[in-house]
Structure formats: C-alpha cells, structure tokens
Amino acid sequence: MPGFFMSSDRKAIRLKDNLMPKEPDKVISGLSQKEAAARLEKDGFNELPSQKRQNIFSIFLRVISEPMLLLLIGSGMVYLFLGEVKDALMLLSFIFVVIGITFYQERKTERTLEALRNLSSPRALVIRDGERKRIAGREVVKGDIILLHEGDRVPADSRILSCENLSVDESLITGESVPVRKSEADGNPVNPRPGGDDLPFVFSGSLIVSGRGVAQVISTGIYTEMGKIGKALETIKEEETLLKKETDRIVKIVTFIGISLCIFIVVIYALAKNDLLGGFLSGLALSMAMLPEEFPVVLIIFLTLGAWRISKRRVLTRKPAVIETLGAATVLCVDKTGTLTLNKMELADIFSNNSLYELNDSGILPEKHHDLMEYGILASQRDPFDPIEKEIKKKGEFYLKNTEHIHGNWNLVKEYPLSKELLALSHVWQSPDKEDFVIAAKGAPEAVLDLCHARKSEKAKTLGTVREMSEKGLRVLGVAKAFFTESSLPNKQHDYDFEFVGLLGFIDPIRLAVPEAVKEAYNAGIRIVMITGDYPGTATFVARKIGLLHPDDHITGDQLSRLNHQELREKLRHINIFARIVPEQKLAIVNALKANGEIVAMTGDGVNDAPALKSANIGIAMGERGTDVAREASSLVLLNDDFSSIVAAVRLGRRIYDNLKRAMGYIFAVHIPIAGMSLLPVIFNLPSVLLPAHIAFLELIIDPACSTVFESEKEDEHIMQKPPRNLYQPLFNRGIISISILQGISVLVMVFLIFIYSLFIGKNDVEARSVAFTTLVFANLMLIVTNLSWTKNFFQIILSANRALMIVSGFALVSLFLVIYMPFLRSLFHFTFLHTDDLILSFVTAAIAILWFEIIKIFRKI
C-alpha cells in the first residue's frame, strides 16, 4: 500500500508509491515560508470568527438603551436641572446599581467561556521549506503539508496523501461516537464530506485516535466543514423573548399615560394656580409615580439572579432572557452521543467458547473467557491511545491480574496494519525464550473469520451472534490467535493459520442520571426527542435503556430527506427517534417542531449541533467537550455535561417565572396608590403628599429590594408535576391584573382616607403627609408578604419567611424610622415627628387595606 517515511536528514517527507514503480520516490518539501505568509495574508487566519465580545462601553450602551432606564435618566437630569440635586442623585444611583449587576454577570460569563476554549487553536506539525515545524493551528494555510499522529487534533480540512492504520474520531462534526477509518487519495474525484469509512479526507476539529498520516490542507477557517456550519448560524435570526416584548409594551402604554397626565397637571397648575414651576414639579412627580421603571429592572434582576442560581447547578446562562422560556419548554431534543451517553467505548459483553458473558465489577472472569481477553490485549498497542484499545487493556488487566495471561515481558516483533482490503490488524509477539511467535489479531468479525478460513456454517453461526450483540447497541470486534515457528515472518496476515477466539462487544454507556431525568421530564409534561448521527439499532437500544416513549418507531436521515416540511411536521407528532441525521436535518427537525407550536430545547456538543442550538427556543451546549461554535450558539452551557442538570434548570426556570409573575403583580399594585396620592391632591386642591424624595425612597429602598424577596421564594413542591405553561399566555392575564388593581385601589383608598382624616382632626400639611407616607410604607411591606404566596395565608408566610424578606423589611423599617426621627433626613423629606398613636393608626390602616386579600385566597385559586 502507499506509505510515507522520513528521509535520513529528517528535512523532507518522501512518499513511496508501490503502484507506480517506474517513478522515482516523491520528495515533499511543503510550502516555503514566503508562500505560507502570502496565503495567510490572502485567506486570513485558520480560525472561526467567534462571537464578538462585549466591552464595557457596549454593555453600558445596551443597558441604558432600555426605554424605562432612558426615562429614568431623563427624570434624574430634569431634577438636577431644577436644583433637586439629592433627588437626582438618588435616581441616578439606582441606574448605576443596575448597570453594575449587568456588568458583573456579563464579565463572569465571558471569563467562564474563555476558560472553555479548549479547541480554539490546536498546534499543528507542518512541512515548510523541507523542514518539520510545529506552529499554531491558526497559522495553517491552504496547501500546507501536515503530519498526523495519535492524539493530534486536525487543524484544517485536508486530503490524505499517505496513511497507515489511520482512524479518526469525527463525533464533534458528525455526532457518531465510533471512529472512522481513513485511506489515501487515489486520484479519483471524491466529495470531501465527514462520516463514513475509507474516505481520503480529514476534517478540522476531528481527533486522530490511531495510526499516522500525511495530508495536504484543502480549506481553512470558515471554508472548512466546521466553518460552514458556523457560518450558517449567521442566517438564523434570534427572536426577542415574549416576556420582554410584553414588558416593553406595558411600559410604553403606562409611560404614555404618565406623560399625558404630567402635561395635564402642568396645564392645571398654570391656569388655575398660575404656578408653572410647581405644576411642572407635581407633574413630573406624578409621571415618576406612574413610571413603572421597576418592570425592566426587576426583569433584569430576576434573570441575573436566576442565572446565578442556575450556575450553582453547574449550568452557565449565556443569555439570561432564556430563563423565562425554560418553564415553558414542551420538547427536549437531545443528541445521543456525549449527551445521553458518555461518548466512550466500554467493554460490556464478550463471547467465546459458544458462551456469551456480560462483564461486571466483581473482578471474576470464567476461565473459558481468559484466552479472549489475553489475545485482545496482545492485539492492541502496549501503551494505547485508541479508546477501544485502552478499554481492552484496562478490562483485561483487571480480570486477568495475577494470572499467566498477562505478558508484560514479551516483545512486539511485527505489526500488520488495518487496510481497506482487510479490516483487521495483527501483532506478532515473541516471548523471552524466543522459542516461537504468537500472533494476535482483531478487527471486524467478518474480516477475522476470513483470516481464520472459517467454514460456512461456523461463519453463519458466529455472525448470528454478532447480530444479536449489535441489536443490544454493541460495537463488535472479532479476535483470533495463531502460532508461528519459522524465523522468517510472512508478508501477509493470511499466511498465518489463525484460530477464532471470540467476540468483544463495546457499548457507549448511558449516563447514570439520564433515566431518572427523562422520567422527571415526562412527569413535567416535557417530551424527549433523540436526534443522532448513529445507526437506528443503537439509537433504539439507547431509547429503551433511558425509558424513551415509542422506542421502536424511528426515522432515518434518508427517509427524512424525502419528506417535505408539512410531512415532517406530521411525523414529528409521534416519532421520538431520528437516526443517521446530518446537521442540516437537525435544524429542519427543530424548525418543524417549532412550526407545530412546540417550545423546543435542544442539547448538543458538536459543531453539527450549532445551527439547531441557535434556532431552538432554548439551546443547551455541553461545556466539557463541546465546541466553541456550539457554546456560542447556545443559551445555556452545561459545565459538567450532566444531563440531569437540564431538568434542574427547568425546575428553576419554572420557579423564577412564578415568582416573577407575583413580583410584577405586586409592582403593578403598588404603583396605583403612589400615582393616586400624587394625582388626587391636585384634583381636590389639597396639599401635596408625595414629593420627589418620597417617590425615590419607595423606588430605591423598597421596590427594587422586594424583587430579591420574590426571587428568593422557594418553588411550589408540586411544580414539576404541572404541565409546561403556555409561553404565549401574557404574564399580565385578566386574573393578575384584576387582583393587582383591587389591591392597589384598596391601599390608595385607605391612605387617602387617613390623609383626609389627619387634616380633618387639625393636623398640618407636614403632619398629615408624614402619617399618610408611613401608612403607605406599611402597606407596601404587607403587599410584599401577601403576594409571596397565593396559596399560603399571611401568617404562614411570615412563619416561613425567607431571609431576603427579613432583611428587606428590617431595612425598610429602619430607613422609615431614620427619615421620621433623624432631624436632617426629616427635614430633607419634609416630615415631622410621629407619636406612637400615629404609628399604630398607620399600621392598623395598612393592615385593613391588605388583609382582605387573605379572604380571597380561601375562596379563589389564582
């Protein structure tokens, strides 16, 4: 077969072609350094354009571009212009808090992703100017000659010029866990595509698991197979989340109303009181009171803290907005290799002496199977890199320890490599006494039986066993042995008198936590769909092992290619297994599921998964072995590649959304008394109650802080027994809005009544304002408590209060105490000293305004 060797001066690669004996040996000196530099200048670096990293300035612009934050900044600047410096600084300081939180999360995400860039630029051994040079993979150019050995990561798509026993793991590109054989280019035109045996190409990002070779680079960077998939991501448009759209819509409506009322009040003050500046300040106070800047702020805080909580489960949230979608996921599309399985070959079953044996951890192996393990080890490298040979050596030494079947002192005399003509290899060993040679062979069962010159009946019987083992999801290898006494070894394996020893069955093990995670997903109403590049038999076996529904029904890639979009949509209503799928088809499956109204979560780790990851509602990439392309296309990254973490993330997603719904309802409710107490005094020609400092107090101390209280509340114990929520159902449905309005109006009525009562009994403007504001603060805190749970009563919530509630309540009460009883702050807020009876009156009034909701909890399930 064609081969390669180094010249004696190790400065050039010589290709010897036995098929062309009349031609002299070919010497390859590779590109010159000058040629390589010119091509690098022309084609660019051999790397994929990674996601543009956000600098501090871009993050700042994105944060302040939020409509409500812009309005808040505008309000603060107006107060600053009017001389209300302290009020303006309080408002603007809140903006910096939000920006700070966002900066922290963004930088943490970027640092974590940077730590995961383990495949960004592998080193490459090339021939340039006739000399071997090891360079950064990003500097490889088209036309370079690269040398490939076991353990190398292929730096660019290349055509194989010569190879020996070359086997490559292309799972990151094709999704197939089994390495594929490679052969030399023979001059015939072949389409360079990954996957399949005996093709003369290797591809960027794949791993050499055995053998060696010489190849010529045919494409680099975005022109590689990996690059083409990455480039396809640019055509997939990411949609803004529904919650974000709904929040923005509500904010715009309320903002419009607030601005309109602001203008209305300014006009009234100017015409009725001839006080344009006072009208402007009162109008601005009203617009601030109605301005629901907490909506986007709470959304940011919930998603940011949610991302932090999920990260504690070893899940990195790259796009915090996806957290709102987690609880609505209806379909989870999973890639088998490396997601449901460990992506490693484990020796599970062996067959010899007409007996099939399933290996276990006892360390006991029946004597009749010792020969099979012995010759399996001898047919492997002494210090193997190939994962299958590593597994044979590991299991063989485990079961054969302290026996005569381990031969550490034998010498390897000759190797017969795997070839296209014979899919088996042999090792010739000699013992220290040098009496005779022992030959061990392993390879495809058909090839090994051919080496043994097996009779037809024996061959049929053995291949029947091979089929039985394959149906269990096993990859099967045959093992044979031979002895040779002559001093001159033959040139071909067929010249030995081989005896068939047995079969080795390898399986890609299921992750231990997967079956339970699948069961929990089904209980939560989430459907599981397996999409894999592997064979249907293996996919079906894995589906049965993990408890997938309808494991016998499947569609192959060839069948799928003959379906139009509508037919695929129909098939997807009951098919859960897709085998022999190529990357473009994964994307088609995800899009068809979305067209059926499903909310799709897609897991994957390879480049082949990236388009589907980006198109899915929730893209979940594997962090330990995933590619940068997959991680950057995803919304979530599993840092430990643990499938069960997905279910934990879904649980947290549901909890976050439920708590967010209650927090938003509270914010909606609390703005009614704040806005009302800014508007009613104007309408009834009464003294002002809420000044800018008061509104800033409520917004900066209580409202933002309460979002942490709601966010910290634990989930309902039956949250994973409920079906996924309807993603398209608005957060503010009729029930939520009705309760929020009712709560807000009741607080407004009671606060306004106590303000009127205080004026009626002879209190001055400042005293009445102090009592009304204190009542509003008490009512605000009670609104938080009663809305924390719509099933528990007020006192149950207090008894099981989370730590955040205690901290926020204590901080709010201490702050209220300071602004009432500290002279400097009391003067700043335009308050007066309150007596004990005033505090009791305020507290009782606030309780009357809130506790009626507890009665509704009993009779109404929200």
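Brief remarks follow.
- Taken over region 120-150, the criterion of being over 18 Å from residue 219 (Cβ atoms) and without any contact (Cβ under 8 Å) to a residue 60 or more places away in the chain is satisfied by 123, 125, 133, 134.
- Candidates 390, 368, filtered to the one that is free of Cβ contacts under 8 Å to residues at least 40 places away in the same chain, part of a helix (DSSP H, G or I), over 21 Å from residue 465 (Cα atoms) and in contact with a Ser or Thr (Cβ under 9 Å, 6 or more places away or on another chain): 390
- Scanning region 681-698 for residues that are open to solvent by less than 10 Å² (accessible area, probe 1.4 Å) and modelled with pLDDT under 75, we see that the one that is nearest to residue 759 (Cα to Cα) is 693.
- Counted residues, region 307-359 - those being assigned to a strand (DSSP E or B) and either hydroxyl-bearing (Ser, Thr, Tyr) or more than 27 Å from the chain's Cα centre (by Cα) (or both): 12
- Pairs are defined by a Cβ separation below 7 Å, a sequence spacing of at least 6 or placement on different chains, a first member in region 728-748 that is among the hydroxyl-bearing types (Ser, Thr, Tyr), and a second member that is modelled with pLDDT of 80 or more; the pairs so defined are 740/665; 740/668; 740/669; 746/849; 746/852.
- Scanning region 298-310 for residues that are surrounded by fewer than 22 Cβ atoms within 10 Å (Cβ to Cβ) and in contact with a Leu (Cβ under 8 Å, 6 or more places away or on another chain) yields a total of 1.
- Of all the criteria given as (1) of a type in the set (Val, Ile, Thr); (2) crowded, with 16+ Cβ neighbours inside 10 Å; (3) at pLDDT 85 or above, the one not satisfied by residue 708 is (3).
- Out of 476, 518, 466, 448, one residue alone is in a helix (DSSP H, G or I), without any contact (Cβ under 8 Å) to a residue 40 or more places away in the chain, open to solvent by less than 70 Å² (accessible area, probe 1.4 Å) and within 20 Å of residue 197 (Cβ to Cβ). It is 466.
- Scan of region 657-674 for residues that are open to solvent by 10 Å² or more (accessible area, probe 1.4 Å) and among the β-branched types (Val, Ile, Thr), ordered by number: 672
- Within region 322-336, residues that are over 16 Å from residue 521 (Cβ atoms) sit with their Cβ atoms under 9 Å from residues that are basic (Lys, Arg) and open to solvent by 10 Å² or more (accessible area, probe 1.4 Å), at 6+ positions apart or across chains, in these pairs: 324/244.
- Residues that are among the charged types (D, E, K, R) and assigned to a loop (DSSP other than H, G, I, E, B), drawn from region 782-841: 792
- Within the set 501, 413, the sole residue that is open to solvent by less than 80 Å² (accessible area, probe 1.4 Å) and touching an Asp or Glu at 6+ places or on another chain (Cβ under 8 Å) turns out to be 501.
- Restricting region 616-655 to residues that are open to solvent by less than 10 Å² (accessible area, probe 1.4 Å) and either more than 26 Å from residue 546 (Cα to Cα) or charged (D, E, K, R) (or both), the residue that is modelled with the highest pLDDT: 641
- Within region 728-766, the residues that satisfy the criterion of being among the polar types (S, T, N, Q) and surrounded by fewer than 17 Cβ atoms within 10 Å (Cβ to Cβ) are 729, 733, 738, 764.
- Positions within region 175-196 being over 31 Å from the mean Cα position of the chain (by Cα) and modelled with pLDDT of 80 or more, in sequence order: 181, 182, 183, 184, 185
- Residue 400 being closer than 23 Å to residue 362 by Cα and open to solvent by less than 30 Å² (accessible area, probe 1.4 Å): yes
Each row is one residue, and each column tells you yes or no for (1) among the charged types (D, E, K, R); (2) in contact with a Lys or Arg (Cβ under 7 Å, 6 or more places away or on another chain); (3) at pLDDT below 70.
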residue	(1), (2), (3)
287	no, no, yes
292	no, no, yes
296	no, no, yes
306	no, no, no
313	yes, no, no
319	yes, no, no
333	no, no, no
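- Verdict on residue 355 being modelled with pLDDT of 90 or more, out of contact with any Ser or Thr (no Cβ under 7 Å at 6 or more places or on another chain), open to solvent by 20 Å² or more (accessible area, probe 1.4 Å) and closer than 24 Å to residue 459 by Cβ: yes
Here's the yes/no breakdown for (1) closer than 20 Å to residue 198 by Cβ; (2) at pLDDT 85 or above; (3) not basic (Lys, Arg):
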residue: 386; (1), (2), (3): yes, no, yes
residue: 389; (1), (2), (3): no, yes, yes
residue: 399; (1), (2), (3): no, yes, yes
residue: 407; (1), (2), (3): no, yes, yes
residue: 412; (1), (2), (3): no, yes, yes
residue: 418; (1), (2), (3): yes, no, yes
residue: 429; (1), (2), (3): no, yes, yes
residue: 432; (1), (2), (3): no, no, yes
residue: 435; (1), (2), (3): no, no, yes
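- Wholly within region 535-614, helices (runs of 4 or more DSSP H) carrying at least 2 residues that are open to solvent by less than 10 Å² (accessible area, probe 1.4 Å) and under 28 Å from residue 729 (Cβ atoms): 583-595
- Any chance residue 141 is more than 30 Å from residue 295 (Cα to Cα), modelled with pLDDT under 75, assigned to a loop (DSSP other than H, G, I, E, B) and among the β-branched types (Val, Ile, Thr): no
- Filtered residues of region 150-170 (kept if over 32 Å from the mean Cα position of the chain (by Cα) and open to solvent by 10 Å² or more (accessible area, probe 1.4 Å)): 159, 161, 164, 165
- Within region 727-775, tally of residues that are over 28 Å from residue 827 (Cβ atoms) and assigned to a helix (DSSP H, G or I): 14
- Which numbered condition residue 215 fails, given (1) outside any helix (DSSP H, G or I); (2) at pLDDT below 75: (2)
The values are calculated or read from the model by the stated rules, or taken from the named source; none is laboratory data. Keep in mind it's a predicted model, so treat the numbers as computed, not measured. Virtual Cβ from ideal backbone geometry, glycine too; neighbours counted across all protein chains shown. Side chains are part of the model used for accessible areas, which takes the heavy atoms of the whole protein and leaves out ligands, DNA and RNA. Shrake-Rupley method; radii C 1.70, N 1.55, O 1.52, S 1.80 Å.
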